[in-house]
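Since every read-out is calculated from the coordinates, none of them should be taken as a lab result. Note that the structure is a prediction, hence the values are computed from the model and not measured. No Cβ is skipped: glycine too gets one built from the backbone with ideal geometry, and neighbour counts run over all protein chains shown.
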Amino acid sequence: MSRFAIPSSVDTHAHVFERGLPMPAARRYAPTQDATLAQYLAQLDLHGVAHGVLVQPSFLGTDNSYMLQALQAAHGRLRGVAVVDASASAQHLDALASAGIDGLRLNLVGLPLPELASPGWARVLEQANALGWHVELHLEAARLQGIVPSLLAAGCRVVVDHFGRPDPALGVDDPGFGFLLRQAASGQVWVKLSAAYRNGPAADGAAWGRRAAAQLLDAYTAERLLWGSDWPHTQHGDQASYAQAVQWLGDWLDDAAHVRTVLADTPRQLFRFTTQGDTP
């Protein structure tokens with residue numbers, strides 16, 4: 001499978017950026033190549049994907065301006081997930097929503113967990129809920145139990161990146177992955193089937209992803225699973241491609257009805273897409 005046959009499909013995880021953009025001093029890395037809107041849209045067209053979701057990358061911090069420009073230029077074909085901090089004003093969050101943002105991301109790899117009970121974060125999460133946003137989590141599976149319960153208690157919908165990031169040495173036997181499976185009972189958690197190469201060798205992406213996807217499908221059902229390309233596969237660009245990301249979904253899921261739900265029905269509802277752009 002190198003092209004999706006579902007005309008309303010959605011890629012729920014990609015990034016756009018250019019080298020030379022302002023970046024915070026405290027960052028894990030800086031990109032070595034550009035990933036422009038034109039390049040990303042070309043990938044969507046080539047692989048039959050109607051819509052995409054841009055996720056703010058860690059190395060751009062809370063300056064979402066480049067992503068917002070891309071959303072505007074895409075004329076409704078893309079939605080976004082922004083990064084903010086506890087000082088974000090109500091006016092700023094409203095402006096992000098008006099620009100096409102549907103969620104906020106907590107990218108916590110290598111960072112301490114935020115104090116979600118603090119007045120600032122409590123206010124931000126309350127407004128996020130009012131806006132109909134979700135909170136997207138990117139952190140190691142072992143640390144999920146330190147933050148997911150607090151988000152659920154705050155009434156947030158939670159989207160967990162990249163299979164939950166289990167320890168590559170443990171895979172689906174990681175207790176943190178087991179914790180993630182148990183969160184399905186909340187009805188407030190979604191998981192992205194994406195970037196299997198971030199959880200182990202890229203060569204194992206099909207087999208490992210199939211094992212993890214089977215357990216997630218059993219726990220969550222297809223109605224709360226999403227697919228993302230993770231384009232341009234930052235720090236793993238030599239191990240993955242968009243075509244491979246498309247192929248992997250076919251390796252992970254056998255049932256055509258499940259594929260349609262994961263690719264189209266669930267993400268279109270979560271990200272509130274209109275019919276615009278359904279024919280790439």
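Note on region 1-152: dipole from Cβ charges, positive end direction compared against N64, H15, T32; the farthest Cα belongs to T32.
All other residues whose Cβ lies under 12 angstrom from that of A184 are scored, Lys and Arg at +1 and Asp and Glu at -1, for a net of 0. Here the scattering of region 109-214 is modelled by Debye summation over its C-alpha atoms, one equal scatterer each and no solvent; at q = 0.18 Å⁻¹ the log10 of I(q)/I(0) is -0.85.
When peptides 78-85, 253-260 are sorted by average Cβ neighbour count within 10 Å, with the highest value leading, the order is 78-85, 253-260. Under 5 Å from the amide H of H134 lie the amide H atoms of G103, L104, each residue being 5 or more positions distant or on a separate chain, with H modelled from the backbone and absent for Pro and chain starts. For region 81-148, taking the reciprocal of the average inverse distance between every pair of different Cα atoms yields a Kirkwood hydrodynamic radius of 12.4 Å. A Cβ-based charge dipole, computed about the Cα centre of the chain with Lys and Arg at +1 and Asp and Glu at -1, lands at about 220 debye. With the largest listed first and rounded to whole Å, the semi-axes of the equivalent ellipsoid of region 184-280 from the Cα gyration tensor are 22, 18, 12. Between T32 and D254, the modelled labels are 4.0 nm apart [label points 7 Å from Cα along Cα→Cβ]. Distances between every pair of Cα atoms in region 59-175, grouped in 10 Å steps from 0 to the bin holding the largest one, split as 13, 43, 32, 11, 1 percent.
For region 52-66, putting each phi into the Karplus relation 6.51 cos²θ - 1.76 cosθ + 1.60 with θ = phi - 60° gives couplings of x, 10, 8, 10, 4, x, 4, 6, 9, x, 8, 8, 8, 4, 5 Hz, in residue order, rounded to whole numbers and with x for Gly and Pro.
Per-residue Karplus couplings for region 162-169, computed as 6.51 cos²θ - 1.76 cosθ + 1.60 with θ equal to phi - 60°, are listed in order as 6, 6, x, 6, x, 4, x, 6 Hz, Gly and Pro entered as x. Of the beta bridges in the chain, as assigned by DSSP with both residues counted there, near 5 percent are antiparallel.
Once every Cα of the chain carries one equal point scatterer and solvent is ignored, give the base-10 log of I(q)/I(0) from the Debye formula at q = 0.11, 0.14 Å⁻¹, two decimals. Values, matching the q order: -0.57, -0.98.
Distances between placed amide hydrogens fall under 5 Å for F17 paired with A35, T36, all partners being 5 or more residues away or on another chain.
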